[in-house]
Each structure stands twice: as C-alpha cells, then as structure tokens.
1. Condition check: under 11 Å from ILE211 (Cα atoms) and assigned to a strand (DSSP E or B). Does HIS145 satisfy that?
2. How many residues does region 147-171 hold that are closer than 16 Å to LEU297 by Cβ, of a type in the set (A, V, I, L, M, F, W, C) and touching a Lys or Arg at 6+ places or on another chain (Cβ under 9 Å)?
3. Please go through region 172-189 and give me each residue that is within 20 Å of ARG225 (Cα to Cα), part of a strand (DSSP E or B), in contact with a Lys or Arg (Cβ under 6 Å, 6 or more places away or on another chain) and not β-branched (Val, Ile, Thr), ordered by number.
4. Here are ALA217, ALA229: which of them is over 16 Å from GLU301 (Cα atoms), among the small types (Gly, Ala, Ser) and exposed (fewer than 15 other Cβ atoms within 10 Å of the Cβ)?
5. Test VAL216 against the stated conditions and say whether it is outside any strand (DSSP E or B) and of a type outside the set (Ser, Thr, Tyr).
6. Pick out the one residue from VAL34, VAL5, VAL92 that is closer than 17 Å to GLY120 by Cβ and either of a type in the set (Ser, Thr, Tyr) or touching an Asp or Glu at 6+ places or on another chain (Cβ under 9 Å) (or both).
7. If I filter region 253-271 for residues that are outside any loop (DSSP other than H, G, I, E, B) and closer than 22 Å to PHE77 by Cβ, do I get at least one hit?
8. Go through ASN205, ASN198 for me and flag whichever is touching an Asp or Glu at 6+ places or on another chain (Cβ under 8 Å), at pLDDT 90 or above and among the polar types (S, T, N, Q).
Amino acid sequence: MSAAVRAGVVGVGYLGAFHADKYATLSDVDLIAVADIDVQRAHAVAARCHTEALTDYRALFDRVDCISLAVPTPLHFPLAREFLAHGIDVLVEKPMTTSSADGRALVDAAEAGRRILQVGHLERFNPAIRALAPIITQPRFIECHRLAPFVERGTDVDVILDLMIHDLDVILSLVDADVQSVEAVGVPVLSESSDIANARLRFTNGCIANITASRVALKRERKIRLFQADTYVSVDYGEKHVRICRRLPTANGPSITVEEHALGEGDALFDEIEHFVHAVRTRQRPLVDGRTALRALAVAERIRDSLETA
C-alpha cells in the first residue's frame, strides 16, 4: 500500500475523539470521516480534525481501509464483525467483546477474511511496560492496583472488563504459563455490577498474581509490582516511573542495587494507532491482535464466573 491509508473512527465520545485526533496528525493517513449517533458531537470532532461527520457508520463501508471502533462495549462485536465482513481492518477498543464466545467468533471472522484485528490494550504501549520486557523473565509474584474515581463512562460492563482487563493483558504477556486457578471477590457499589474486585491467579508454573481494580476510589492509582528470584520491579504507570532492585553476589555476600528510571511522557495512544496503521499497511500481525486479546478476555470471564459461584 503506497497511497495514504484511508481511516475512519466510529464512536467519537471521550476516547474515540482522541483516536480521531491521532489519525489526523499522521502524514500517511487520510481520515475520511468520523461517525457518531450524536450529531453535534460528530460535527465538533470532524471540524477539529478537518474531516467529514457521519451519523451512520455504514456510510464508511466502501470508503475506508481501516477503522477505530470506540462505541459502547456491547456494540463491539456486531459492528466489528460487520466491518470485517466488508474487508475493513479494525482497531477495537478494549474489551474486545463482552464474552469470550463472541471474541472467538470475531477472531475467526478476521482470520477467515485475512483482516487485521487489533485490540486497544493501551498499556502495552506505555513506556513503563515496554521497559519491563528485558527485565522480567520469570516472575514469581505480581501485585497490581488499578484504582479510579467513579464516572458513568464504562459502566456498561463491570470493573473486570472496564479496568482489570488492562492488567490481565499485561500479566499474561509477562508470564509464560497458563492460568491454573482463580479466586475472586467483587462488590457492586454505585452500579449494578461489580465496581471493585480482587482476583488471585495461580499459574501452572507456580507464579501468583494478585490484582485489584476499583472504579469507586477517591484518587487514581495505576501500579504493578513484580518479584522474581533476583529482581524486584515497581512500576507506576501514571508517573511513568520504574524502580528496579537487584540482588548481586559479592565477595562479602549478596548486595542490593537500586535503579530509578523516569521514562518521560510519551503518547501511548498515538503509538498504538501508528502501530495499527503500520499493520494495515504491511499486513503484519499487531502486538495485541485478536487472539492475544482473547486470552485476557477468557481469564476475565473465569474471574467473573468465580464471582458468581463464590
């Protein structure tokens, strides 16, 4: 593909509007249009991005090579499947779908049509997480806290699919083993589904992950701590700060070294969308394709099932 990639954005609420902004800044992308059922919102984002506003997403079918899909989660599956069926590559926001059965069907549709299906697990493009790859080789214990104040946006699903799914994806990318068992507890506070949840995962290689997610916290916090035989790593996603403690052998016995790294601001969403456009152009498998996202979705489903049987 030598010409500009023709892109569209479906759903330009809080997050979708940012998607449109990023596409509009890419020199090798032509943002054809944005679509939203809210006419005023569609026109406001379109004006800002110097593109066309649509209220019917189907008007994009014959006009774009790829789309970002940032609609409410229950619409991810039917709309993504429709775009894939029309030969259009899809970047769908997380969670990919509301169930692993729908997720598998979406993956099958993408693979049958040889389409790119990327899922918006944004933390994979966070510079703090990228810094972990060469350091974490055999984690034995992982602890995550992802806390946020309550907002109406995202409450069409529980906190597991809304927030915890981020950490599930990151953990599964770092632990080279399957999940053996799940224990979980969740509490609805301000919505009808769980707004705060804790899950304890045991992997077949013995690694334990303890994950807490809340969308009813007084302040925002996104942290992960990882322990392995000779290394402890603490990551603050928000501050983009990494602390690495290593045990080193010396003539007088082991000693501990501490490294502090400030990783700078970066722009994870821009990097994610640029990565998607590159996959569309080169037909290369994206970092978080449908099958990768399906693993996190399947574990999220096991956690939800554990809540229901507790």
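The values are calculated or read from the model by the stated rules, or taken from the named source; none is laboratory data. None of these values were measured; they are calculated from a predicted model. When we count neighbours, we look across all protein chains shown, and the Cβ atoms used for this are built from the backbone with ideal geometry, even at glycine.
1. yes
2. Going through region 147-171 one residue at a time, the tally reaches 8.
3. Matches in region 172-189: GLU183 only.
4. On the way: ALA217 fails: exposed (fewer than 15 other Cβ atoms within 10 Å of the Cβ).
So the residue among ALA217, ALA229 that is over 16 Å from GLU301 (Cα atoms), among the small types (Gly, Ala, Ser) and exposed (fewer than 15 other Cβ atoms within 10 Å of the Cβ) is ALA229.
5. Yes: the conditions hold for VAL216.
6. VAL34
7. no
8. On the way: ASN198 fails: touching an Asp or Glu at 6+ places or on another chain (Cβ under 8 Å).
Answer to the selection: ASN205.
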